[in-house]
Structure formats: structure tokens, C-alpha cells
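These notes are about the structure you will find just below.
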Amino acid sequence: MSVCLTGEPAPTEPSRWRAIGRRWGWLAVLLIGLLLFWLIHAALISTQNPNLVPALIFFGAALVPAAFVSLVAGRRLDFGVGMGVVGATALAGGAIGVTTAGFLEYRTLLLMDFLPMVAVGLIEEAAKLIVPFLLVLFLRDRHTGDGLLIGVASGAGFAVFETMGYAFVELINSGGDLTAVDHLLVVRGLLSPAAHMAWTGLTAAALWSVATARHHRKRAIAVFIAVYAVAVGLHTAWDSFNSDTAYVILAALSLCCLISTTHRLAAPRPARARHRVRAYDG
């Protein structure tokens, strides 16, 4: 047993390993996902079995979003929701978000004869908030980090379903060219944390701040509206430009905003004494 003069119990070995596992779990998700994707890809190439195509598209679309959600979940934030809620949010948020956005964009197109990029941003950023909004209404035990994690999960689900749709269309248009599908999956997978996941993480975190604010509720609402406007602006700019340089700049801005919000919501670390004395049992 170890004793610490700070008055706090020294971390035990199991808790230390759990903390390490939580912090670096995203890497395991990424590596295992890459291995599974490679195995499916190799089997598809060698057998030419089209039944493996859905599995290839799913793992290719979900690999990076799942790892990024695990990365956020491993940060030092005050979380109250479990991974079951996070997973359900990704599934329901993605399905409801993509369906709602597709319907509203189609109706807007019929109404206006064209679809402005700003309308796409407004619709999709609102659609991705449907499940986080329902959760913030029904969850009683709200923690400051929950909004960020749930928003990232909802954005991840949206990105996965959207990427799967684009990959399916690319597979048909290319006449079954797996190289074109692989390229699309890689590009959209790498960009997803800096796009849908970052934007919805920011807006959901601001939404949670409104729900958890005990004072200055009007200020929290104003901040949420401003953050939502920024997310829509970034989304609109992303859809409007067709330049790698523009994508890099927008990705950097989006991730910087997400990282800044993560640091602001980070749980305070316990104070550490300058000197610690440990006594070990023989």
C-alpha cells in the first residue's frame, strides 16, 4: 500500500491501467478497424464476392469517426453519459439527421428551384442536433462534458451514413471501381473529425451550457446562437469551396475551436504537492 502526504490516496495499479486504457483506447479502435478493413478489402479482391462490399463501405466510413469519438471520450472531461448512450446517439443521430436533412433539402430544392449552400448548412447543422436536443430534455444528471461528447457522436453518425451513401453512389457511377471508392472513403474519413463531428460537438456543447446554466441563461442562449451561426458558416464555406487549401484552413479552424472548447470544459486536475512520500509494504 502507498501513502501520500497530500492527504489523497495514491492511485492504485488497476485504476492507473484503466486511465491509460481510456486515454489511448482510440488508438486500439483505429488499429483494429484498420486491420478489419484490410482483411475485408483483401477478401473482396481475392474472391470478387460482392456480398463483402457493404462491410467494406461500412468499416471504411466508420473507422475514423469511431476512433475520434473514442479520443474525445478519453479526454479529461466531466462526463455523465455512458458509452451505451454515446453509441445510441451516433446510430440514432446519424439516421435521423441524414433522413431529416435529406427530406428538408429536397423540399427546399422543390420550393426554390435551387439549393443554396447556406440552406444546406442551416438544415444539416440543425438536423444533427435533433438527438442531442432530445437527450438534453430527458437527461436529469447533466455534466459539462456530455454535450461535447454527444455532439461529436451525433456528428460521427451523420458523417458515417453520409459517407456510406456517397461511397455507394461512387461504386455505381465508377462501374464497381474499388480504387475510386477507397479514395473517397479515405478522404471523407480523414476530414470527418474537422467537419461534421467538430461542428456538432461545438453546437451541442453550447446547447448543454444553456441547459446547465444556473445564472446568465440569456447569455448562454446568445452564445449558443453565435456558435450555431459559426458552425453554419464553416459548413457553408466548406461546401462552397473546391480547393484543398480552403479545406485545410477550414479544417484547422474547426479543430482549433473544438480543442479550445475541450480545454475550457476540462475537469480541473487535483492539486499536487511538491513533495510526496510513499511507504511501501514489504
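Being surrounded by 18 or more Cβ atoms within 10 Å (Cβ to Cβ) and touching a Cys at 6+ places or on another chain (Cβ under 9 Å) is a property that holds for LEU234.
Regarding the stretch 90-101, can at least one residue be identified that is out of contact with any Cys (no Cβ under 7 Å at 6 or more places or on another chain), free of Cβ contacts under 8 Å to residues at least 24 places away in the same chain, surrounded by fewer than 17 Cβ atoms within 10 Å (Cβ to Cβ) and small (Gly, Ala, Ser)? There is no residue in the stretch 90-101 that is out of contact with any Cys (no Cβ under 7 Å at 6 or more places or on another chain), free of Cβ contacts under 8 Å to residues at least 24 places away in the same chain, surrounded by fewer than 17 Cβ atoms within 10 Å (Cβ to Cβ) and small (Gly, Ala, Ser). Residues considered: ALA194, ALA159. Of these, the only one that is under 19 Å from SER70 (Cβ atoms), at pLDDT below 95, buried (at least 20 other Cβ atoms within 10 Å of the Cβ) and hydrophobic (A, V, I, L, M, F, W, C) is ALA194. Here GLU125 clears all of (1) of a type in the set (D, E, K, R); (2) within 25 Å of LEU185 (Cβ to Cβ); (3) without any contact (Cβ under 8 Å) to a residue 60 or more places away in the chain except the condition numbered (3). Among the residues of the stretch 131-184, those identified as assigned to a loop (DSSP other than H, G, I, E, B) and more than 22 Å from ALA213 (Cβ to Cβ) are SER174, GLY175, GLY176, ASP177. Filtered by the rule that a residue be more than 16 Å from the chain's Cα centre (by Cα), among the acidic types (Asp, Glu) and assigned to a helix (DSSP H, G or I), the stretch 97-130 gives a lone residue, GLU105.
The values are calculated or read from the model by the stated rules, or taken from the named source; none is laboratory data. All values derive from a computational prediction rather than experimental measurement. Every residue, glycine among them, receives a Cβ derived from its backbone with ideal geometry; neighbour counts consider all protein chains shown.
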